[in-house]
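Contents: one structure, followed by commentary.
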Amino acid sequence: MQNPKPKIDQIDVSAKPTKPRLVPGTRYTAAEIHEMFRRFSIQRPEPRGELEHVNPFTLLVAVALSAQATDAGVNKATRSLFKVADTPEKMVALGVDKLGEYIRTIGLWRNKAKNVIALSHALITQYASVVPNDREELVKLPGVGRKTANVVLNMAFGQSTMAVDTHIFRIGNRLGLAPGKTPEEVEARLMKVIPSEYLYHAHHWLILHGRYVCKARKPECRACVIADICKAAEKTSEIPAPLVPLPPQII
Ligand code: SF4
(Lines give C-alpha, C1' and ligand atoms only; values in the text may rest on other atoms or scores of the structure.)
Protein backbone atom coordinates (compact mmCIF):
# COMPACT_ATOMS: atom_id res chain seq x y z
CA MET A 1 0.00 0.00 0.00
CA GLN A 2 1.32 3.46 -0.87
CA ASN A 3 2.00 5.96 1.90
CA PRO A 4 -0.72 8.60 1.96
CA LYS A 5 0.47 12.01 0.80
CA PRO A 6 1.04 14.42 3.73
CA LYS A 7 -1.61 17.08 4.02
CA ILE A 8 -0.45 20.62 3.41
CA ASP A 9 -0.78 21.54 7.09
CA GLN A 10 1.42 18.54 8.04
CA ILE A 11 4.42 19.67 5.98
CA ASP A 12 7.15 21.23 8.11
CA VAL A 13 7.89 24.38 6.12
CA SER A 14 10.67 25.36 8.50
CA ALA A 15 12.72 22.28 7.52
CA LYS A 16 15.74 23.44 5.51
CA PRO A 17 17.04 21.38 2.62
CA THR A 18 20.04 19.37 3.85
CA LYS A 19 23.36 20.61 2.54
CA PRO A 20 25.45 18.06 0.64
CA ARG A 21 28.32 16.85 2.82
CA LEU A 22 31.59 17.95 1.29
CA VAL A 23 34.77 15.96 1.65
CA PRO A 24 36.80 18.01 4.16
CA GLY A 25 39.16 20.46 2.48
CA THR A 26 37.46 20.17 -0.93
CA ARG A 27 34.48 21.75 -2.70
CA TYR A 28 33.03 18.34 -3.59
CA THR A 29 31.02 15.50 -2.16
CA ALA A 30 32.53 12.03 -2.14
CA ALA A 31 30.07 11.04 -4.89
CA GLU A 32 31.19 13.95 -7.08
CA ILE A 33 34.87 13.06 -6.69
CA HIS A 34 34.11 9.44 -7.46
CA GLU A 35 32.22 10.46 -10.58
CA MET A 36 35.05 12.70 -11.81
CA PHE A 37 37.54 9.86 -11.68
CA ARG A 38 35.08 7.34 -13.07
CA ARG A 39 34.78 9.56 -16.13
CA PHE A 40 38.55 10.01 -16.43
CA SER A 41 38.90 6.23 -16.28
CA ILE A 42 36.48 5.77 -19.16
CA GLN A 43 38.10 8.50 -21.19
CA ARG A 44 41.63 7.17 -20.76
CA PRO A 45 41.44 3.52 -19.66
CA GLU A 46 45.19 2.83 -19.78
CA PRO A 47 47.17 6.03 -19.46
CA ARG A 48 50.94 5.61 -19.69
CA GLY A 49 53.92 7.77 -19.05
CA GLU A 50 55.84 8.42 -22.23
CA LEU A 51 59.38 8.63 -20.97
CA GLU A 52 61.18 5.86 -22.81
CA HIS A 53 63.13 3.45 -20.64
CA VAL A 54 64.22 -0.16 -20.58
CA ASN A 55 64.50 -0.81 -16.83
CA PRO A 56 64.00 1.02 -13.51
CA PHE A 57 67.47 2.56 -13.75
CA THR A 58 66.89 4.13 -17.16
CA LEU A 59 63.46 5.32 -15.99
CA LEU A 60 65.09 6.99 -13.01
CA VAL A 61 67.62 8.69 -15.29
CA ALA A 62 64.93 9.76 -17.77
CA VAL A 63 62.77 11.28 -15.02
CA ALA A 64 65.77 13.06 -13.52
CA LEU A 65 66.56 14.51 -16.96
CA SER A 66 62.97 15.58 -17.58
CA ALA A 67 62.84 18.39 -15.01
CA GLN A 68 62.02 21.57 -16.93
CA ALA A 69 62.22 19.70 -20.23
CA THR A 70 59.66 17.99 -22.43
CA ASP A 71 59.38 14.22 -22.41
CA ALA A 72 59.75 14.21 -26.19
CA GLY A 73 63.03 16.12 -25.88
CA VAL A 74 64.31 13.70 -23.24
CA ASN A 75 63.33 10.67 -25.33
CA LYS A 76 65.22 12.04 -28.30
CA ALA A 77 68.40 12.26 -26.24
CA THR A 78 68.05 9.05 -24.25
CA ARG A 79 67.27 6.80 -27.21
CA SER A 80 70.95 6.67 -28.14
CA LEU A 81 72.20 7.12 -24.58
CA PHE A 82 70.43 4.05 -23.22
CA LYS A 83 71.85 1.91 -26.03
CA VAL A 84 75.30 2.46 -24.55
CA ALA A 85 74.47 3.03 -20.87
CA ASP A 86 71.53 1.15 -19.41
CA THR A 87 73.11 0.26 -16.06
CA PRO A 88 74.72 2.37 -13.32
CA GLU A 89 78.12 0.80 -14.11
CA LYS A 90 77.97 1.70 -17.80
CA MET A 91 76.78 5.21 -16.93
CA VAL A 92 79.68 5.77 -14.55
CA ALA A 93 82.07 4.38 -17.18
CA LEU A 94 80.70 6.92 -19.65
CA GLY A 95 81.58 9.81 -17.35
CA VAL A 96 80.19 13.33 -17.10
CA ASP A 97 81.74 14.69 -20.31
CA LYS A 98 80.61 11.88 -22.61
CA LEU A 99 77.16 11.82 -21.00
CA GLY A 100 76.95 15.56 -21.60
CA GLU A 101 77.39 14.97 -25.32
CA TYR A 102 74.24 12.81 -25.37
CA ILE A 103 72.04 15.14 -23.36
CA ARG A 104 73.23 18.53 -24.60
CA THR A 105 69.82 19.31 -26.10
CA ILE A 106 68.13 19.07 -22.69
CA GLY A 107 67.86 22.14 -20.48
CA LEU A 108 70.27 22.34 -17.51
CA TRP A 109 72.23 19.46 -19.03
CA ARG A 110 75.52 20.22 -17.27
CA ASN A 111 74.02 19.89 -13.82
CA LYS A 112 71.90 16.94 -14.84
CA ALA A 113 74.94 15.10 -16.23
CA LYS A 114 76.74 15.53 -12.91
CA ASN A 115 73.70 14.31 -10.99
CA VAL A 116 73.17 11.25 -13.20
CA ILE A 117 76.78 10.17 -12.75
CA ALA A 118 76.58 10.83 -8.99
CA LEU A 119 73.33 8.91 -8.61
CA SER A 120 74.71 6.01 -10.67
CA HIS A 121 77.73 5.93 -8.41
CA ALA A 122 75.52 5.99 -5.29
CA LEU A 123 73.41 3.14 -6.67
CA ILE A 124 76.53 1.01 -7.19
CA THR A 125 78.10 1.74 -3.81
CA GLN A 126 75.01 1.86 -1.59
CA TYR A 127 72.26 -0.14 -3.30
CA ALA A 128 74.06 -3.00 -5.10
CA SER A 129 73.19 -1.29 -8.41
CA VAL A 130 69.46 -1.80 -7.78
CA VAL A 131 67.03 1.12 -7.84
CA PRO A 132 65.29 1.09 -4.43
CA ASN A 133 61.50 0.82 -4.44
CA ASP A 134 61.22 3.06 -1.43
CA ARG A 135 60.67 6.82 -1.45
CA GLU A 136 62.85 7.55 1.57
CA GLU A 137 65.78 5.86 -0.14
CA LEU A 138 65.14 7.27 -3.59
CA VAL A 139 65.20 10.88 -2.41
CA LYS A 140 68.64 10.34 -0.89
CA LEU A 141 70.04 9.91 -4.41
CA PRO A 142 71.65 13.00 -5.98
CA GLY A 143 69.19 15.02 -8.07
CA VAL A 144 66.19 12.91 -7.05
CA GLY A 145 63.36 14.87 -5.44
CA ARG A 146 60.00 13.73 -4.17
CA LYS A 147 58.31 14.18 -7.55
CA THR A 148 60.93 12.10 -9.39
CA ALA A 149 60.69 9.42 -6.70
CA ASN A 150 56.90 9.31 -7.02
CA VAL A 151 57.06 8.88 -10.81
CA VAL A 152 59.58 6.04 -10.48
CA LEU A 153 57.55 4.31 -7.76
CA ASN A 154 54.43 4.54 -9.90
CA MET A 155 55.85 3.58 -13.28
CA ALA A 156 58.59 1.11 -12.32
CA PHE A 157 57.11 -0.45 -9.20
CA GLY A 158 53.36 -0.12 -9.67
CA GLN A 159 52.78 1.91 -6.53
CA SER A 160 49.90 4.37 -6.22
CA THR A 161 51.69 7.68 -5.89
CA MET A 162 50.87 11.26 -6.82
CA ALA A 163 53.76 13.10 -8.47
CA VAL A 164 52.50 16.68 -8.40
CA ASP A 165 53.69 18.63 -11.42
CA THR A 166 52.60 22.07 -12.56
CA HIS A 167 49.36 20.69 -14.13
CA ILE A 168 48.29 18.73 -11.08
CA PHE A 169 49.14 21.62 -8.76
CA ARG A 170 46.97 23.95 -10.86
CA ILE A 171 44.03 21.54 -11.10
CA GLY A 172 44.09 20.76 -7.39
CA ASN A 173 43.83 24.45 -6.59
CA ARG A 174 41.66 25.66 -9.45
CA LEU A 175 38.94 23.07 -8.96
CA GLY A 176 39.12 23.16 -5.18
CA LEU A 177 39.76 19.43 -5.28
CA ALA A 178 43.01 19.60 -3.35
CA PRO A 179 43.87 23.16 -2.43
CA GLY A 180 47.40 23.62 -1.17
CA LYS A 181 50.22 26.14 -1.14
CA THR A 182 52.92 23.59 -1.92
CA PRO A 183 53.09 20.47 -4.13
CA GLU A 184 53.39 18.40 -0.95
CA GLU A 185 50.11 19.79 0.40
CA VAL A 186 48.32 19.12 -2.89
CA GLU A 187 49.83 15.62 -3.04
CA ALA A 188 48.72 14.78 0.50
CA ARG A 189 45.17 15.95 -0.10
CA LEU A 190 44.81 14.17 -3.45
CA MET A 191 46.07 10.95 -1.91
CA LYS A 192 43.35 11.31 0.71
CA VAL A 193 40.38 12.27 -1.45
CA ILE A 194 40.82 10.18 -4.61
CA PRO A 195 38.98 6.85 -4.31
CA SER A 196 41.54 4.08 -3.87
CA GLU A 197 40.44 2.18 -6.98
CA TYR A 198 41.40 5.19 -9.12
CA LEU A 199 44.57 6.21 -7.32
CA TYR A 200 47.07 4.25 -9.40
CA HIS A 201 46.24 6.05 -12.68
CA ALA A 202 45.05 9.35 -11.17
CA HIS A 203 48.42 11.05 -11.60
CA HIS A 204 48.44 10.45 -15.36
CA TRP A 205 44.77 11.38 -15.77
CA LEU A 206 45.29 14.70 -14.03
CA ILE A 207 48.42 15.53 -16.02
CA LEU A 208 46.64 14.79 -19.30
CA HIS A 209 43.54 16.69 -18.23
CA GLY A 210 45.69 19.69 -17.33
CA ARG A 211 47.79 19.54 -20.46
CA TYR A 212 45.03 19.10 -23.01
CA VAL A 213 41.82 20.44 -21.42
CA CYS A 214 42.10 22.34 -18.16
CA LYS A 215 44.95 24.44 -19.54
CA ALA A 216 46.73 27.09 -17.53
CA ARG A 217 45.75 30.20 -19.43
CA LYS A 218 42.42 29.25 -20.88
CA PRO A 219 40.69 26.06 -19.77
CA GLU A 220 38.76 24.39 -22.58
CA CYS A 221 35.63 23.72 -20.56
CA ARG A 222 33.55 22.75 -23.58
CA ALA A 223 35.91 19.83 -24.14
CA CYS A 224 35.79 18.81 -20.48
CA VAL A 225 34.02 15.65 -19.35
CA ILE A 226 33.58 16.93 -15.80
CA ALA A 227 32.25 20.39 -16.68
CA ASP A 228 28.94 19.75 -14.89
CA ILE A 229 30.72 18.74 -11.67
CA CYS A 230 33.60 21.23 -11.70
CA LYS A 231 33.34 24.16 -9.28
CA ALA A 232 36.23 26.25 -10.60
CA ALA A 233 35.62 29.99 -10.73
CA GLU A 234 37.11 30.04 -14.27
CA LYS A 235 34.63 27.49 -15.60
CA THR A 236 32.95 28.60 -18.85
CA SER A 237 30.61 25.68 -19.54
CA GLU A 238 28.18 23.58 -17.53
CA ILE A 239 27.74 20.93 -20.20
CA PRO A 240 30.11 17.99 -20.03
CA ALA A 241 31.83 16.83 -23.22
CA PRO A 242 30.74 13.40 -24.52
CA LEU A 243 32.28 10.61 -22.48
CA VAL A 244 34.12 8.46 -25.00
CA PRO A 245 37.49 6.67 -24.82
CA LEU A 246 40.18 8.82 -26.41
CA PRO A 247 43.05 7.58 -28.54
CA PRO A 248 46.21 7.19 -26.42
CA GLN A 249 47.88 10.52 -25.82
CA ILE A 250 51.44 11.28 -25.04
CA ILE A 251 52.06 12.30 -21.47
S1 SF4 B 1 35.15 22.69 -16.48
FE2 SF4 B 1 36.83 24.00 -17.15
S3 SF4 B 1 37.84 24.68 -15.28
FE4 SF4 B 1 36.59 22.89 -14.75
S5 SF4 B 1 37.95 21.11 -14.94
FE6 SF4 B 1 36.92 21.35 -16.87
S7 SF4 B 1 38.31 22.58 -18.10
FE8 SF4 B 1 38.93 22.85 -15.95
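The values are calculated or read from the model by the stated rules, or taken from the named source; none is laboratory data. Keep in mind that what you see is a predicted model, and the values were worked out from it rather than measured. As a convention, Cβ positions derive from the backbone with ideal geometry for all residues, glycine included, and neighbour counts pool all protein chains shown.
Restricting to segment 126-145, name every residue that is aliphatic (A, V, I, L, M) and in a loop (DSSP other than H, G, I, E, B).
Ala128, Val130, Val131, Val139, Leu141, Val144, listed by residue number.
Looking at segment 114-131, which of its residues are within 25 Å of the chain's Cα centre (by Cα) and surrounded by 19 or more Cβ atoms within 10 Å (Cβ to Cβ)?
Correct list: Asn115, Val116, Leu119, Val131.
With respect to Val152, determine if the residue is in the same structural domain as Gly73 (by TED's automatic domain parsing), more than 10 Å from the ligand (Cβ to nearest atom) and not in a loop (DSSP other than H, G, I, E, B).
yes
Which residues, taken from segment 75-93, are within 27 Å of Gln126 (Cα to Cα) and aliphatic (A, V, I, L, M)?
Leu81, Val84, Ala85, Met91, Val92, Ala93 - these are the residues of segment 75-93 that are within 27 Å of Gln126 (Cα to Cα) and aliphatic (A, V, I, L, M).
Output the number of residues of segment 209-224 satisfying the condition of being buried (at least 21 other Cβ atoms within 10 Å of the Cβ) and either more than 8 Å from the ligand (Cβ to nearest atom) or within 16 Å of Asn173 (Cα to Cα) (or both).
4
Name every residue in segment 37-63 that is farther than 22 Å from Lys76 by Cβ and outside any loop (DSSP other than H, G, I, E, B), in order of residue number.
Selection gives Phe37, Arg38, Arg39, Phe40, Ser41, Ile42, Gln43.
How do the pairs read when you match residues in segment 48-71 that are assigned by TED's automatic domain parsing to the domain that holds Gly107 and over 20 Å from Trp205 (Cα atoms) with residues anywhere that are among the basic types (Lys, Arg) and not in a loop (DSSP other than H, G, I, E, B), using Cβ under 8 Å and keeping only pairs 6 or more apart or on different chains?
What qualifies is Ala64/Lys112; Leu65/Lys112.
For segment 23-51, how many residues are under 24 Å from Asp134 (Cβ atoms) and either surrounded by fewer than 16 Cβ atoms within 10 Å (Cβ to Cβ) or at pLDDT 95 or above (or both)?
1
What are the pairs with Cβ atoms under 8 angstrom where one residue, in segment 72-93, is surrounded by 16 or more Cβ atoms within 10 Å (Cβ to Cβ) and the other, located anywhere, is basic (Lys, Arg)? Sequence gap at least six, or different chains.
These pairs meet every condition: Ala77/Arg104.
Counting only residues that are in a loop (DSSP other than H, G, I, E, B) and within 14 Å of the chain's Cα centre (by Cα), how many does segment 178-199 have?
2
Got a sec? Which of Gly143, Gly180 is more than 26 Å from Ile42 (Cβ to Cβ), assigned by TED's automatic domain parsing to the domain that holds Ser41 and either surrounded by fewer than 19 Cβ atoms within 10 Å (Cβ to Cβ) or out of contact with any strand residue (DSSP E or B) (no Cβ under 9 Å at 6 or more places or on another chain) (or both)?
After applying the criteria, what remains is Gly180.
One line per residue, one yes/no per condition, for (1) more than 11 Å from the chain's Cα centre (by Cα); (2) assigned to a loop (DSSP other than H, G, I, E, B); (3) within 15 Å of the ligand (Cβ to nearest atom):
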residue	(1), (2), (3)
Thr161	no, yes, no
His201	no, no, no
Ile207	no, no, yes
Lys235	yes, yes, yes
Leu243	yes, yes, yes
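Just one of the numbered conditions (1) within 15 Å of the ligand (Cβ to nearest atom); (2) modelled with pLDDT of 95 or more; (3) over 16 Å from Thr148 (Cα atoms); (4) not β-branched (Val, Ile, Thr) is not true of Phe169; which one?
(3)
Conditions: (1) in contact (Cβ under 8 Å) with a residue 60 or more places away in the chain; (2) charged (D, E, K, R); (3) within 12 Å of the ligand (Cβ to nearest atom); (4) not in a loop (DSSP other than H, G, I, E, B). Lys231 meets all but one. Number of the miss?
(4)
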